[in-house]
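Working notes, beginning with the structure itself.
The values are calculated or read from the model by the stated rules, or taken from the named source; none is laboratory data. Keep in mind that what you see is a predicted model, and the values were worked out from it rather than measured. Cβ sites come from the backbone with ideal geometry, for glycine too, and all protein chains shown count toward neighbours. Accessible surface areas use protein heavy atoms only, side chains included; no ligands, DNA or RNA. Shrake-Rupley method; radii C 1.70, N 1.55, O 1.52, S 1.80 Å.
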Amino acid sequence: MVNFELYKVFYLTAKTGSLSKAAKELYITQPSVSHSIKLLEDTLGLQLFARTSKGVELTKEGAVLFSYIEQAYNFISLAEEKLSELRNFSSGEIKIGGSDSLCKHYLLPFLESFHVQYPHVQINLVHGTTPEIVKHLKEGKIDIGIVRTPILDDQLQVREGITIQDCFVTGPKYRELSLGKVSLAKLLTYPIILFSSNSSSRKFVTRLFSENGLLLEPEIELGSVDLLIEFAKIGFGVSFVTKEFVAKELADGSLFEVNIDAIIPSTKIGIITLKNMPLSTAASAFVAELESPGS
């Protein structure tokens, strides 16, 4: 195989039509250019240049070679240009997976800020439950997953995001539940509204009741936090939601936090990526923003 540097010398000599100009662009001496051309011609067994009074010009064989080398150089230049764009965030793509609630109530401010800084980076969101997000990550369909912890998987790297606190909320119809301590057993006498059974939030609250010797059977199952909020507000029952995601409703009195006599452990939002799989420049920058909110 011919040394690539010889083709580089050949290309610039043909492009400039001059050994001296090629030497200047390559930052080498003119004899070095002549030696490289002679070596390439000997290796290929063909004469590539003919000397003229003005410099050198391609032979018929040299012109054929140049047509291919020029294409190769164009592709290399294009590749370098694209890499430069990616490095400077003038293009690129990030694929992020998360639940509807995490995308809306947690990710949205970060996405807005990132888009302002890097408007040419395309952002694609994939919605799903935690198991679905993990599956998408392992299949290469997303770069980053946003889930609730804990996540125990040797193939994943888990970076911790903000701490979140879950709670039970209800609308004005069952406001009395916010006035005094309510046991988990008594709470079960009210209509309970929960996420679907395969969500991490549902598994978390089910485990809470199980650890207290109680069986949690919701009256209504829903697929989005927005519906959980709305159903509680209009009097369908008691919803289990992330407190940070209903701060506005708790403040304006359209929802009330149920004052239960059990401790609901706080959890963290996890930023998951595949171990031993490097992130793109854009994805790395977005993860860094998630790890340092407000900086």
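Structure data summary
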item	result
Residue match in region 256-275 (condition: modelled with pLDDT of 95 or more, part of a loop (DSSP other than H, G, I, E, B) and over 30 Å from L83 (Cβ atoms))	yes
Residue ID - nearest to the chain's Cα centre (by Cα), chosen from residues in region 56-78 that are modelled with pLDDT of 90 or more and among the small types (G, A, S)	S67
Complete set of residues in region 9-64 that are farther than 25 Å from S77 by Cβ, of a type in the set (K, R) and part of a helix (DSSP H, G or I)	K38, K60
Region 127-163, subset touching a Phe, Trp or Tyr at 6+ places or on another chain (Cβ under 8 Å) and closer than 24 Å to V246 by Cβ, residue most open to solvent (accessible area, probe 1.4 Å)	I162
Test: I123 is over 22 Å from P150 (Cα atoms), assigned to a strand (DSSP E or B) and touching a residue at least 60 places away in the same chain (Cβ under 8 Å)	no
Failed item in (1) open to solvent by 50 Å² or more (accessible area, probe 1.4 Å); (2) closer than 19 Å to I229 by Cβ, with Q122 passing the rest	(2)
Residue match in region 231-242 (condition: exposed (fewer than 15 other Cβ atoms within 10 Å of the Cβ) and over 30 Å from L156 (Cβ atoms))	yes
Residues located in region 1-48, provided they are among the acidic types (D, E), within 21 Å of V64 (Cβ to Cβ) and within 45 Å of the chain's Cα centre (by Cα)	E5
Unique match (being hydrophobic (A, V, I, L, M, F, W, C), modelled with pLDDT under 95, open to solvent by 30 Å² or more (accessible area, probe 1.4 Å) and more than 22 Å from the chain's Cα centre (by Cα)) among L222, L179	L179
Residue match in region 188-199 (condition: in a helix (DSSP H, G or I), open to solvent by 40 Å² or more (accessible area, probe 1.4 Å) and closer than 27 Å to I146 by Cβ)	no
From the options A251, A288, A247, A283, residue that is open to solvent by 20 Å² or more (accessible area, probe 1.4 Å), farther than 22 Å from Q165 by Cα and not in a loop (DSSP other than H, G, I, E, B)	A288
Evaluation of S84 against (1) in a helix (DSSP H, G or I); (2) open to solvent by 40 Å² or more (accessible area, probe 1.4 Å); (3) modelled with pLDDT under 90; (4) farther than 30 Å from L228 by Cα (one fails), failing number	(2)
Which listed residue, of S280, S266, S254, S239, is touching a Phe, Trp or Tyr at 6+ places or on another chain (Cβ under 7 Å), of a type in the set (S, T, Y) and touching a residue at least 60 places away in the same chain (Cβ under 8 Å)	S239
Number of positions in region 136-167 that are in a strand (DSSP E or B) and without any contact (Cβ under 8 Å) to a residue 12 or more places away in the chain	0
Candidates L26, L6, L48, filtered to the one that is at pLDDT 95 or above and surrounded by 12 or more Cβ atoms within 10 Å (Cβ to Cβ)	L48
